[in-house]
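Notes to accompany the following structure.
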Amino acid sequence: MEHSVNERFFSDFNEGIVVDGDSHIHLSYKIFINYFSSLKVIDLSNVIIGAYFTYGWMPTMLTLNTESNLLNEIVDISNKVKNGAIIATEEISVVAKVINNSIVGASKYLHFVNPNLHAIWDSRVYRYLHQKKPHGYRVNCPNTYLEYLNILNQLSFDERFASLKKNLKLDLGYEITNNRAGELAMFVMGAPPATKA
């Protein structure tokens, strides 16, 4: 699957990607990334603030699971991610369980904590990657999210990736990680057919 995804990804990129979007998305993105990068240690208040600003990007309200054992775990997991540790499927599930029981919400939160390790995952990225309708049970799967991270990692080693990242950076006007570049390209190219520019 990875080889065919790589070729389709770079072929689609060669046809051109236009990143439009609202300026408030790009402004808030930079602020969210800076919020976590400025912290030495993440505590529970940072987790809660991060979960709520993450859900400012979501179409649903946040329901925060406040079970104390889960809150303690998400604080520990957040600090592991901030410090560069790769986390297991079970830990991603814990983050999702706290943050609306959503892998999409968990991916956004984890991306803001460490954008070099985690990428934003949503239905448009799923649609692009798998060329299937993004039903909830397909998107809300930690293993599918981890497979996506592996694919992004492989894409970033392709010599064509640097050109993609450079063009996206020029469009956006600010620095982005490899994960953000790959995800943003898939997000744009994964728009439902009726909404593609």
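The values are calculated or read from the model by the stated rules, or taken from the named source; none is laboratory data. Just so we're clear, the structure is a prediction, and the values are computed from it rather than from any experiment. Glycine also receives a Cβ, built like all others from the backbone with ideal geometry; neighbour counts cover every protein chain displayed. SASA here: full protein model, heavy atoms, side chains in, ligands and nucleic acids out. Shrake-Rupley method; radii C 1.70, N 1.55, O 1.52, S 1.80 Å.
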Exercise. Any idea how far apart SER93 and LYS133 come out in nm if each label point goes 7 Å out from Cα toward Cβ?
Worked result: 2.8
Problem set entry | segment 44-108 - accessible surface per residue (Å², probe 1.4 Å) | 46
For this session: Return the loop-located trypsin sites (Lys or Arg not before Pro) in segment 139-197 (DSSP other than H, G, I, E, B) with at most 16 other Cβ atoms within 10 Å of their own Cβ; answer none if there are none.
Result: ARG160, LYS196
Problem set entry | GNM top mover of ALA181, ALA119, ALA162 - the chain, alpha-carbon springs below 10 Å | ALA162
Problem set entry | Order of exposure, largest accessible area first, which applies to THR60, THR54 with probe 1.4 Å | THR60, THR54
For this session: Would you kindly derive the ³J(HN,Hα) couplings of segment 148-160 from the backbone phi angles with the Karplus curve 6.51 cos²θ - 1.76 cosθ + 1.60 (θ = phi - 60°), listing them in order in whole Hz, with x for Gly and Pro?
Result: 4, 4, 5, 5, 4, 4, 4, 4, 5, 7, 6, 4, 6
Exercise. How about segment 65-95: which GluC sites (Glu not before Pro) there are in a DSSP loop, with at most 12 other Cβ atoms within 10 Å of their Cβ?
Worked result: GLU67
Exercise. Using a 1.4 angstrom probe and counting only protein chains, how large is the accessible area of ILE31 in Å², to 10?
Worked result: 100
Seminar exercise, completed: Taking a straight Cα-to-Cα line shorter than 17 Å from LYS108, and setting aside same-chain lysines fewer than 8 residues away, one finds LYS30, LYS80, LYS82, LYS97
Exercise. Rounded if a/c is under 1.5, else prolate if a/b is larger than b/c, else oblate: which is segment 20-72, with a ≥ b ≥ c the root eigenvalues of its Cα gyration tensor?
Worked result: oblate
Exercise. In nanometres, what is the gap between the two model label sites at LEU170 and ASN69, each 7 Å from Cα along Cα-to-Cβ?
Worked result: 5.4
For this session: Starting from the Cα-Cα distance between ASN116 and LEU27, subtract it from 0.36 nm times their residue separation and give me the gain in nm to one decimal.
Result: 30.2 nm
For this session: Report, to the nearest whole %, how much of the accessible area of the chain belongs to carbon and sulfur atoms, 1.4 Å probe, protein only.
Result: 53
Exercise. How far, in degrees from 0 to 90, does helix 2-14 lean away from the longest principal axis of the Cα atoms of the chain, to the nearest 10?
Worked result: 60
Exercise. Residues with beta-carbon under 11 Å from that of SER78, excluding SER78: net charge, scoring Lys, Arg +1 and Asp, Glu -1?
Worked result: -2
